[in-house]
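> Before I ask anything, let me first share the structure, which is written out below as structure tokens.
The values are calculated or read from the model by the stated rules, or taken from the named source; none is laboratory data. From a predicted model like this one, the values you see are computed outputs, not experimental measurements. Note that each Cβ is placed from the backbone with ideal geometry, even for glycine, and that neighbours are counted across all protein chains shown.
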Amino acid sequence: MQRSYVSSVKNKWVQDMDKKNIFSNFFNGPLDATPNEESTSIDKIDNNSNDLADSSEFSADELDLFNQSILDHLRDVVPPNKFRILFEKTFALHDIQNQKIFFLVGTEMLAKMISDSYKSHLSTAILNTLGEDYEIQISVSKASIDISSSKNNILHTLNESKSTSFYEKTKIKSPKFTLTPESTEINAIQNSSHTFSHEPPKQTSTSNPSKLIDPNKNFANFISGSSNNLAFASAFSIAQNPGKVENSKSLYIYSDSGLGKTHLLHAIANKVNQEHPNLVVFFISATDFINQFVDSKIKNTVNEFMKKYTTVVDILMIDDIHGLSNKEGTQDVFFQIFNSLYENKKQLIFTSDKKPKDILGIPERLKTRLQWGLIVDIQRPDYETKISILKSYAAQKDIFIPDTIIELMASAQTESIRELEGFINLLSHVSGIEGIPIDENLAKKYLRLEQTKVKKITPESITKNVATQMKLNVADIKSTKRTKDLAIARHIAIYLTKKHTHITLKEIGQYFGGRNHSTILSSIAKIEDEIKINIALSEDIIQIEKRIH
């Protein structure tokens with residue numbers, strides 16, 4: 001929507017308001033002080049209550065018009081994957097009153113992620129649409145009615161479906177939700193449209209059972225931070241509506257080992273079992289999938305193997321999908337299974353230690369399939385996320401560890417979350433054997449971390465490492481020079497400063513030569529878009545991030 005068009009609409013409303021002596025100064029009167037970023041609030045509201053004022057200053061159609069314009073502006077500056085998860089059909093303008101603008105989202109997690117990472121983008125979109133600054137209120141709807149004037153909004157369709165949901169009608173409360181090749185569930189499901197046996201799966205010497213879902217791995221105890229929040233949000237959204245999240249019928253999560261990919265698979269399965277207990281979840285490693293296929297060939301039961309996946313499974317999760325490399329026979333079968341499930345709107349979820357296009361030993365047609373849906377990565381946790389992980393794990397094990405020891409462990413150059421958990425397990429074990437409390441002396445003696453120091457990440461340290469990687473001068477990066485190599489380095493430094501520090505956009509702009517708010521946002525957006533298609537740039541940024549941590 002063009003700003004001039006919105007302005008003309010506003011002018012007409014102002015004239016109408018003047019005739020009625022109602023809110024005549026709404027657009028032209030004095031403005032409150034521009035709210036800072038901290039003014040955004042997150043509340044849980046009931047749409048049937050009086051949490052919002054009864055009399056709205058705009059009609060539903062007018063709000064819908066503004067809502068669409070704000071989303072259009074956000075779409076231009078927010079990376080497509082993140083826009084799809086955070087804003088597309090999950091975010092709605094609800095009201096505008098008294099210099100406040102009210103938005104509704106479906107979950108507290110979405111509200112927090114938008115407030116933490118996209119407040120400035122949202123403020124700019126509002127300014128571009130309405131020509132003024134407003135205090136932003138982001139609330140979580142807990143009502144079962146439509147919260148948006150847009151009938152395409154997922155918050156409407158989800159609520160609308162609750163009263164007639166198939167899942168509610170079946171009333172299945174505690175079915176099994178893993179399969180083995182010889183499971184009684186398979187025969188039962190094939191003979192019934194929505195019920196199946198509650199008997200445990202049969203184990204045989206030749207079967208390779210699906211991984212059992214760990215009930216202790218869920219979304220509640222998955223620690224999210226800047227390194228994994230998109231993967232977390234994507235997994236959570238799909239778990240709520242498997243097979244129905246637009247452009248996400250296939251989810252592909254990749255990262256180095258030990259950073260939480262498999263935890264998210266367990267969390268998805270547990271969430272699905274809780275909210276959609278009639279759906280059949282099959283969680284298996286690529287190695288077990290291969291072994292099952294080989295076993296079916298030996299027994300001449302390939303057709304039954306295929307039928308199990310294409311007619312029984314609602315949600316297929318394969319861990320370490322790169323294990324199919326150079327397994328041509330299994331690849332052919334997997335290709336057919338993928339196509340069948342995808343065409344039938346089933347949910348596909350894969351994990352790997354690399355991007356689909358980087359997996360060697362699989363044909364291009366499979367790489368293409370794996371790239372059809374949503375692809376997200378998990379990075380190594382930063383210092384703050386490590387602190388949260390360590391505290392959470394200590395609480396789970398009911399162990400008291402002083403903050404100084406937590407900080408000492410978090411400062412270590414660890415490669416995975418498992419190493420952090422290993423620290424706590426070791427301290428707990430030694431403390432129990434020796435009968436002494438966990439203190440700094442015990443930690444230093446057994447963890448050997450006394451020489452480790454926390455690296456404080458600052459704009460200066462980031463710019464210095466960018467300069468080193470790009471073979472440039474720090475002063476030139478901060479200057480007004482506009483050569484291509486300096487511009488790219490400057491964009492990278494700004495992007496990493498926003499990602500790895502807590503300073504405001506204004507402070508970032510001041511550090512980089514007094515650049516304004518919009519210039520900083522533009523630099524961040526350019527890098528976010530470029531790293532999706534530029535492998536060399538992505539690798540440069542990864543190397544810089546390794547240096548600064």
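> Failed condition for Phe423, given (1) in a loop (DSSP other than H, G, I, E, B); (2) touching a helix residue (DSSP H, G or I) at 6+ places or on another chain (Cβ under 6 Å), with all others met?
(1)
> May I pose another question? I'd like the residue in region 464-489 that is of a type in the set (Gly, Ala, Ser) and over 19 Å from Ile542 (Cα atoms) and, out of all such residues, is surrounded by the fewest Cβ atoms within 10 Å (Cβ to Cβ). Steps first, answer last, please.
Taking region 464-489 first, the residues of a type in the set (Gly, Ala, Ser) are 467, 475, 479, 487, 489.
Pick out the ones that are also over 19 Å from Ile542 (Cα atoms) and you get 475, 479.
On the way: Ala475: 10, Ser479: 13.
Top of the filtered list is Ala475.
> Moving to a separate point now. Under 9 Å between Cβ atoms, which residue pairs at least 6 apart in sequence (or on different chains) link something in region 393-414 that is closer than 21 Å to Gly260 by Cβ and in the same structural domain as Asp439 (by TED's automatic domain parsing) with a partner that is acidic (Asp, Glu) and surrounded by 15 or more Cβ atoms within 10 Å (Cβ to Cβ)?
Tyr393/Glu421
> Mind telling me which of the residues Lys484, Lys444, Lys506, Lys526 ends up being within 23 Å of Pro381 (Cβ to Cβ) and not hydroxyl-bearing (Ser, Thr, Tyr)? Break it down into steps so the answer makes sense when it comes.
On the way: Lys484 fails: within 23 Å of Pro381 (Cβ to Cβ); Lys506 fails: within 23 Å of Pro381 (Cβ to Cβ); Lys526 fails: within 23 Å of Pro381 (Cβ to Cβ).
Answer to the check: Lys444.
> Determine whether region 266-285 contains at least one residue that is under 13 Å from the mean Cα position of the chain (by Cα), in a loop (DSSP other than H, G, I, E, B) and hydrophobic (A, V, I, L, M, F, W, C).
No, region 266-285 contains no residue that is under 13 Å from the mean Cα position of the chain (by Cα), in a loop (DSSP other than H, G, I, E, B) and hydrophobic (A, V, I, L, M, F, W, C).
> While we're looking at this one, here's another question. Residue under question is Lys464, and the condition is that it be free of Cβ contacts under 8 Å to residues at least 24 places away in the same chain, under 30 Å from Ser255 (Cα atoms) and not in a loop (DSSP other than H, G, I, E, B); does it hold? Step through it out loud before you land on a result.
Details: free of Cβ contacts under 8 Å to residues at least 24 places away in the same chain: yes; under 30 Å from Ser255 (Cα atoms): yes; not in a loop (DSSP other than H, G, I, E, B): yes.
Yes, satisfied.
> What pairs come up if the first residue lies in region 470-485 and is of a type in the set (Asp, Glu), the second is at pLDDT 90 or above, and their beta carbons are under 6 Å apart, counting only those six or more places apart or on different chains?
Asp476/Leu486
> Quick check on this structure: which one of Lys546, Lys532, Lys456 is of a type in the set (Lys, Arg) and part of a helix (DSSP H, G or I)?
Numbers: Lys532 fails: part of a helix (DSSP H, G or I); Lys456 fails: part of a helix (DSSP H, G or I).
The match here is Lys546.
> While we're on this one: Hey, among the residues in region 242-254 that are in contact with a strand residue (DSSP E or B) (Cβ under 6 Å, 6 or more places away or on another chain) and in a loop (DSSP other than H, G, I, E, B), which one's nearest to Lys354 (Cα to Cα)? It would help to see each step written out before you state the result.
Applying the first criterion (in contact with a strand residue (DSSP E or B) (Cβ under 6 Å, 6 or more places away or on another chain)) to region 242-254 yields 242-243, 248, 250-254.
Going one step further and asking which of them are in a loop (DSSP other than H, G, I, E, B), we end up with 242-243, 248.
Numbers: Pro242: 24, Gly243: 24, Ser248: 19 Å.
Looking at the filtered set, the residue picked out is Ser248.
A quick yes/no check of all residues on (1) touching a Gly at 6+ places or on another chain (Cβ under 7 Å); (2) crowded, with 17+ Cβ neighbours inside 10 Å:
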{"residue": "Val302", "(1), (2)": "no, no"}
{"residue": "Lys308", "(1), (2)": "no, yes"}
{"residue": "Ile315", "(1), (2)": "no, yes"}
{"residue": "Asp319", "(1), (2)": "no, yes"}
{"residue": "Asn326", "(1), (2)": "yes, no"}
{"residue": "Phe338", "(1), (2)": "no, yes"}
{"residue": "Asn344", "(1), (2)": "no, no"}
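> Between a residue in region 331-359 that is in the same structural domain as Ile290 (by TED's automatic domain parsing) and more than 19 Å from Gly243 (Cβ to Cβ) and any residue that is surrounded by fewer than 21 Cβ atoms within 10 Å (Cβ to Cβ) and of a type in the set (Gly, Ala, Ser), which pairs come within a Cβ distance under 7 Å, given they are 6 or more apart or on different chains?
Going by the 7 Å Cβ cut-off, the qualifying pairs are Asp353/Ser257; Ile359/Ser325.
> Something else now. Residue by residue through region 516-541, note down the ones that are among the β-branched types (Val, Ile, Thr) and at pLDDT below 90. If you could, list the steps in order and put the result at the bottom.
First, the residues of region 516-541 that are among the β-branched types (Val, Ile, Thr): 519-520, 524, 527, 531, 533, 535, 541.
Across region 516-541, the qualifying residues are Thr519, Ile531, Ile533, Ile535, Ile541.
> Another question, if that's okay. Between Ile492, Ile541, which is surrounded by 13 or more Cβ atoms within 10 Å (Cβ to Cβ) and either out of contact with any Asp or Glu (no Cβ under 8 Å at 6 or more places or on another chain) or not in a helix (DSSP H, G or I) (or both)?
Ile541
> Sticking with this structure for a sec: For region 379-424, what are the residues that are among the acidic types (Asp, Glu) and more than 20 Å from Ile457 (Cα to Cα)? First the steps, then the outcome.
Taking region 379-424 first, the residues among the acidic types (Asp, Glu) are 382, 384, 398, 403, 407, 415, 419, 421.
Result: Asp398, Asp403, Glu419, Glu421.
> Can I ask one more? Could you count how many residues in region 518-529 are of a type in the set (Gly, Ala, Ser) and either surrounded by fewer than 17 Cβ atoms within 10 Å (Cβ to Cβ) or assigned to a loop (DSSP other than H, G, I, E, B) (or both)?
Start the filter on region 518-529 by keeping residues that are of a type in the set (Gly, Ala, Ser), which leaves 518, 522-523, 525.
Remaining after also requiring either surrounded by fewer than 17 Cβ atoms within 10 Å (Cβ to Cβ) or assigned to a loop (DSSP other than H, G, I, E, B) (or both): 518, 522.
Result for region 518-529: 2.
> Condition first: in a strand (DSSP E or B) and polar (S, T, N, Q). Now tell me which residues in region 332-361 satisfy that.
From region 332-361, those in a strand (DSSP E or B) are 347-352; that's our starting set.
Scanning region 332-361 gives Gln347, Thr351, Ser352.
> Would you confirm whether any residue within region 375-388 is at pLDDT 90 or above, surrounded by 15 or more Cβ atoms within 10 Å (Cβ to Cβ) and over 19 Å from the mean Cα position of the chain (by Cα)?
There is no residue in region 375-388 that is at pLDDT 90 or above, surrounded by 15 or more Cβ atoms within 10 Å (Cβ to Cβ) and over 19 Å from the mean Cα position of the chain (by Cα).
> What do you reckon, is Arg515 surrounded by 17 or more Cβ atoms within 10 Å (Cβ to Cβ) and not in a helix (DSSP H, G or I)? It would help to see each step written out before you state the result.
On the way: surrounded by 17 or more Cβ atoms within 10 Å (Cβ to Cβ): yes; not in a helix (DSSP H, G or I): yes.
So Arg515 passes the test.
> Continuing with the same structure: Among the residues of region 397-410, is there at least one that is of a type in the set (A, V, I, L, M, F, W, C) and surrounded by fewer than 18 Cβ atoms within 10 Å (Cβ to Cβ)? Can you show your working first?
Step one: filter region 397-410 for residues of a type in the set (A, V, I, L, M, F, W, C), giving 399-401, 405-406, 408-410.
Applying the additional criterion that residues be surrounded by fewer than 18 Cβ atoms within 10 Å (Cβ to Cβ) yields 399-400.
Yes, there is a match, as at least one residue in region 397-410 is of a type in the set (A, V, I, L, M, F, W, C) and surrounded by fewer than 18 Cβ atoms within 10 Å (Cβ to Cβ).
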